[in-house]
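Colleague: Once you've had a glance at the structure underneath, I'll fire off some questions.
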Amino acid sequence: MVNHHTGVIFNTVREDVQALKQFKGTSHKFMSECIRQNVIINGGVGSIEESYGPHDPYLDDVHIDITSRCDLRCPHCYQGLSGAIADLPLDKAVSVIRQARELGGARIALSGGEPFLYPWFKEVITAVMDARMVLTAVFTNGVHTNLDLVGVLPEYTTILVSYNPAIGHPDSMPAIRSIVRQHKTVVTTITMDGSELDHIYESLRGLGIFRWRIGVPRPVGHGKGLEPDMPKVVEAYRHTFRKWIAEYDVGKHPFDLQIGFAFQGDYLQHKRIDSYPDNATCCWYKRNSMVVKWDGRITPCSMDWTEIGTVDNLRAAWDRMSTASYRSLSAKNIVECHGCKLINLCNGGCRACVDSKMTSKDTISCHTYRFLDEILPELIKRGVKIEGC
């Protein structure tokens with residue numbers, strides 16, 4: 001692979017990492033970020049400058065909810081699926097991928113519904129590879145995951161598998177055990193009160209998963225009306241963190257840990273927590289992405305169904321993205337957040353999940369980031385610093 005930014009030819013991830021040692025300053029930082037984002041990979045995009053344009057916000061990744069087909073009706077599902085079957089036609093899916101590449105997009109993620117039920121799954125994977133884009137992730141409920149289709153995915157693709165036994169989710173553990181042999185696996189758990197987390201922690205121990213990601217239902221889709229017991233959840237977060245950090249300190253943690261959007265094990269690996277800049281608008285971390293729905297609509301994110309365009313013209317939709325109300329709303333405009341010392345860490349939470357008007361606070365994020373504030377001394381003691389991103 002030719003890197004036109006430096007004129008160096010890269011063939012594999014290992015060679016990329018070795019070559020990085022030759023560079024200093026801006027080039028080193030630039031390529032480090034590309035490797036972290038999975039842009040420099042064997043079989044990936046050809047030119048970094050093609051993928052990462054000079055303007056920000058630029059289109060980086062496209063999340064495709066490729067089908068409404070699903071074999072479950074999970075009570076917390078933010079899609080709010082009604083049971084009607086709709087698939088993004090194959091020609092439209094291929095067109096989306098090509099248009100995204102033409103706009104400089106580098107990454108694709110697939111979800112649904114259940115993406116492994118999509119009739120043209122293999123063809124879409126081929127289209128991503130032909131476009132020299134990176135298939136970063138596939139989201140699955142893990143109940144009827146087609147392991148033959150898992151086998152056609154690029155080896156670098158992360159598979160995120162739901163595991164929610166406490167809310168009646170069928171057992172996805174067999175799929176987790178199988179998938180982890182082939183791919184980096186992230187297990188996601190949604191909890192109402194945290195009571196099951198300790199048991200799940202032990203169930204996942206020794207499986208070789210990459211990360212366990214835990215959170216609570218959000219008031220979107222089927223999750224509307226669900227009210228997690230946040231004091232109990234946060235207490236369970238505390239217990240889980242203490243257990244995990246004790247094992248981390250002796251090098252025996254069984255997996256990486258993510259708690260909501262507030263804590264990630266990466267903080268300890270990289271010794272930093274990125275805070276939002278003072279000029280950040282709400283949903284700043286998603287400013288370089290868009291979502292394509294199975295019916296051809298384009299929306300700002302998976303939890304915000306505001307239509308900004310259709311798959312027939314991605315460029316026009318991207319140009320309109322900045323008109324989404326929260327894309328021009330500063331977290332500083334959230335009156336209830338005035339004076340909060342955590343505002344540069346949470347950035348006002350999720351605007352699609354607020355109780356009422358756009359300028360209301362996201363109470364779930366409030367609980368979660370107060371938890372981060374509690375454990376900050378523990379992280380700082382281990383060399384973690386808060387730095388502007």
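The values are calculated or read from the model by the stated rules, or taken from the named source; none is laboratory data. Note that this is a predicted model, so its numbers are computed, not measured. Glycine gets a Cβ as well: all are built from the backbone with ideal geometry, and neighbour counts include every protein chain shown. Remember, those area values only see protein heavy atoms, side chains included, never the ligands or the DNA or RNA. Shrake-Rupley method; radii C 1.70, N 1.55, O 1.52, S 1.80 Å.
Colleague: Determine the share of the range 152-256's accessible area contributed by carbon and sulfur atoms, expressed in whole percent, with a 1.4 angstrom probe.
Modeller: On the way: 2310 of 4580 Å².
With neighbouring chains kept in place, the figure for the range 152-256 is 51 percent.
Colleague: For the range 61-149, what size does the Cα cloud have along each of its three principal axes, sorted from largest down, in whole Å?
Modeller: Principal extents (largest minus smallest coordinate, Cα): 37, 26, 21 Å.
Colleague: Counting only protein chains, not ligands or nucleic acids, how are Y285, Y163 ordered by accessible area (probe 1.4 Å), most first?
Modeller: Y285, Y163
Colleague: Averaging the inverse of every distinct alpha carbon separation and then flipping it gives the Kirkwood radius. What is it for the range 175-261, in angstrom units?
Modeller: Evaluated over the range 175-261, this radius sits at 13.8 Å.
Colleague: Any idea how far apart F210 and D295 come out in nm if each label point goes 7 Å out from Cα toward Cβ?
Modeller: The answer from the label model is 3.3 nm.
Colleague: Next question. Would you please give the FRET efficiency between K224 and H144, computed as 1/(1 + (r/R0)^6) with r the Cβ-Cβ distance and R0 = 30 Å, to the nearest 0.05?
Modeller: 0.70
Colleague: Could you state how much accessible area I179 has, in square angstrom rounded to the nearest 10, with a 1.4 Å probe and all protein chains kept in place?
Modeller: It works out to around 0 Å².
Colleague: Just reorder K243, K122, K293 by solvent-accessible area, largest first, 1.4 Å probe, all chains present.
Modeller: Sorted by accessible area, descending: K122, K243, K293.
Colleague: Moving on. Mind giving me the nanometre distance, one decimal, between the label points for M173 and M129, set 7 Å out from Cα along Cα→Cβ?
Modeller: It works out to 3.4 nm between the two label points.
Colleague: Right, here's the next one. How many nm separate the modelled label positions at Q182 and R370, each set 7 Å beyond the Cα in the direction of the Cβ?
Modeller: The modelled label-to-label distance comes out at 4.4 nm.
Colleague: With no solvent and one equal point scatterer per Cα, compute the Debye intensity ratio I(q)/I(0) for the range 184-337 at 0.11, 0.14, 0.15 Å⁻¹ and report its log10, rounded to two decimals.
Modeller: Reported log10 I(q)/I(0), two decimals: -0.61, -0.92, -1.02.
Colleague: What is the set of long-range amide H partners of V134 at a cut-off below 5 Å, with H atoms built 1.01 Å from backbone N?
Modeller: Excluding prolines and chain starts, which carry no amide H, the hits are R107, I108.
Colleague: Would you kindly find the accessible area of M129, with a 1.4 Å probe and non-protein molecules such as ligands, DNA and RNA excluded, rounding to the nearest 10 Å²?
Modeller: 60
Colleague: Are any of the pairs K341/K381; K224/K361; K232/K381; K271/K341 more than 24 Å apart by Cα-Cα distance, and if so, which?
Modeller: K232/K381
Colleague: Taking the full set of protein chains and a 1.4 angstrom probe, give the accessible area of R242 in square angstrom, rounded to the nearest 10.
Modeller: 140
Colleague: If I take R0 = 41 Å and measure r between the Cβ atoms of V250 and R98 in this structure, what FRET efficiency does the formula 1/(1 + (r/R0)^6) give, to the nearest 0.05? Spell out each step's value before the answer.
Modeller: Working: r = 49 Å, r/R0 = 1.20.
After rounding, the FRET efficiency stands at 0.25.
Colleague: Based on the Cβ-Cβ distance from R320 to N279, what FRET efficiency comes out when R0 is 22 Å, to the nearest 0.05?
Modeller: On the way: r = 21 Å, r/R0 = 0.97.
E between R320 and N279, to the nearest 0.05, is 0.55.
Colleague: So with the 1.4 Å probe, I'd like the accessible area per residue for the range 109-149, rounded to whole Å².
Modeller: 35
Colleague: Relative to the present Cα-Cα distance, how much length would full extension add between R238 and N333 at 0.36 nm per residue of separation? List each step's numbers first, then the result.
Modeller: Details: separation 95, 0.36 × 95 = 34.20 nm, distance 3.06 nm.
Taking 0.36 nm per residue and subtracting the Cα distance, the gain is 31.1 nm.
Colleague: On to the next question. Can you tell me the convex hull volume per residue for the range 59-108, based on C-alpha atoms, in Å³ to the nearest whole number?
Modeller: Working: hull volume 4.3 nm³, N = 50.
Convex hull volume per residue, Cα atoms: 86 Å³.
Colleague: At q = 0.09 Å⁻¹, work out log10 I(q)/I(0) for the range 283-389 with the Debye formula, treating every Cα as an identical point scatterer and leaving solvent out; two decimals please.
Modeller: Listed by q, the Debye log ratios stand at -0.30.
Colleague: Right, another one. Provide the gained length on full extension for the span L90 to E155, in nm with one decimal, where the gain is 0.36 nm per separating residue minus the Cα-Cα distance.
Modeller: That works out to 21.1 nm of additional length.
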